[in-house]
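Working notes for the structure below.
Bear in mind that the values in this text are calculations on the coordinates, not laboratory data. Quick caveat, the model's predicted, so the values are computed rather than measured. Ideal geometry is used to build each Cβ from the backbone, glycine not excepted, and the neighbour counts take in all protein chains shown.
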Amino acid sequence: MFVCVVLFFLGGCADNDPVIGPYPKSGKASWYSAKITATGENFSDKDLTCAMRKTDFGKYYKVCNIANNKCVVVRHNNFGPSKYLYDQGRIIDLSRITFSRIADLKEGIIKVTVDEVSEKAGNGQQNTTP
């Protein structure tokens, strides 16, 4: 019985597989909430953070809303969105505060570009222009 339970949970981990190959530089973004991140940190809606289907936690990314050219620098600390949503074009989930800096929360999903930036660029974590 124990072996069956372990195999069930291991089989269900397929959704946690990171993207193989180059990560898309443009796609859809949404905002989300959680309790604990994949890095073990407590999630905070007040932190400029994101979830991506990559495992390079701690890196910084500049996320720009294509519709209004508003940008923000975020720290990658969580894994997501789900494989199902990723396969539909959702490449990044943003904390509530992050999303609100580049779009109205009521929009829910926006088109964005995502570019890796240096850690130094991420230290200020303020709104930027493209």
Estimated vicinal HN-Hα couplings, Hz - region 28-35 in sequence order (Karplus 6.51, -1.76, 1.60; Gly, Pro = x)
9, 10, 9, 10, 8, 9, 8, 9
Of the listed links Lys25/Lys46; Lys25/Lys106; Lys25/Lys111; Lys35/Lys62, those spanning more than 19 angstrom between alpha carbons are Lys25/Lys46; Lys25/Lys106; Lys35/Lys62
Under a point spin-label approximation (7 Å from Cα along Cα-to-Cβ), what is the Asp115-Leu85 distance to one decimal in nm?
2.6 nm
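Apply 1/(1 + (r/R0)^6) to the Cβ-Cβ distance of Asp104 and Lys25, taking R0 = 25 Å, and write down the FRET efficiency to the nearest 0.05.
FRET efficiency, Asp104 to Lys25: 0.60.
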Would you mind checking which residues have amide H under 5 Å from Ser26's amide H? H placed 1.01 Å from N; only 5 or more apart, or other chain.
Val114
When all alpha-carbon pairs of region 35-128 are counted, what percent fall beyond 23 Å?
15 percent
